[in-house]
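These notes are about the structure you will find just below.
The values are calculated or read from the model by the stated rules, or taken from the named source; none is laboratory data. These numbers were taken from a predicted model, which means no experiment stands behind them. Glycine also receives a Cβ, built like all others from the backbone with ideal geometry; neighbour counts cover every protein chain displayed.
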Amino acid sequence: MKMILDEITLPTRQPIEIIDMTQQLRERCTQSGIRSGVATLISQHTTAYVNLNEREARLQQDMLTFLKRFIPRDGDYAHNIAPVDDRDNAHAHLLGLFMNASESIPISDGQLMLGDWQSVFFIELDGPRASRTLTLQFLGDS
């Protein structure tokens, strides 16, 4: 059994942003040499998450609109009275209650086993940020 630990560091540019990570993850999976096993990815943040969903421009716009309406940034949140990092980001933490910090994806024949319509997204809820980290673990047989 082989285990590879890797990271992807990326900047974000928008307050709420959906970033397709699928191609980078496919490349990292190939580089890992794992032929059969599992890839686990985890966001190292409490206001940025990982999601599997469909990549389609109008749907992604619908997702952004939904997130902004579901828990508005300008709500009356106690966390924003004295934020620990000077960011009014209670809305981002609250949105995170409905998201996953991590995902696990099976690997077969050296490829991520994603469905035909599935893409892997990094979801920024409190941007822009100069640096965000997605940690990857590939575990399996080579």
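Annotations
- Residue match in the range 107-125 (condition: surrounded by fewer than 19 Cβ atoms within 10 Å (Cβ to Cβ) and of a type in the set (Val, Ile, Thr)): no
- Residue check for Tyr77: hydroxyl-bearing (Ser, Thr, Tyr), touching a His at 6+ places or on another chain (Cβ under 9 Å) and surrounded by 14 or more Cβ atoms within 10 Å (Cβ to Cβ): yes
- Residue check, Ile105 in contact with a Leu (Cβ under 8 Å, 6 or more places away or on another chain), more than 25 Å from Gln24 (Cα to Cα) and modelled with pLDDT of 95 or more: no
- Consider the range 14-26 and keep the residues that are charged (D, E, K, R) and part of a strand (DSSP E or B). The one that is farthest from Leu112 (Cα to Cα) is Glu17.
- Matching option when the condition is modelled with pLDDT of 95 or more and touching a Cys at 6+ places or on another chain (Cβ under 6 Å), among Leu52, Leu112: Leu112
- Within the range 20-37, the residues that satisfy the criterion of being within 17 Å of the chain's Cα centre (by Cα) and surrounded by 12 or more Cβ atoms within 10 Å (Cβ to Cβ) are Asp20, Met21, Thr22, Gln24, Leu25, Arg26, Arg28, Cys29.
- Of all residues in the range 1-10 being loosely packed, with under 13 Cβ neighbours inside 10 Å and not acidic (Asp, Glu), the one that is nearest to Leu97 (Cα to Cα): Thr9
- Within the set Arg13, Arg26, the sole residue that is over 29 Å from Gly140 (Cβ atoms) and of a type outside the set (Ser, Thr, Tyr) turns out to be Arg13.
- Unique match (being of a type in the set (Phe, Trp, Tyr) and surrounded by 13 or more Cβ atoms within 10 Å (Cβ to Cβ)) among Phe70, Phe98, Phe66, Phe138: Phe138
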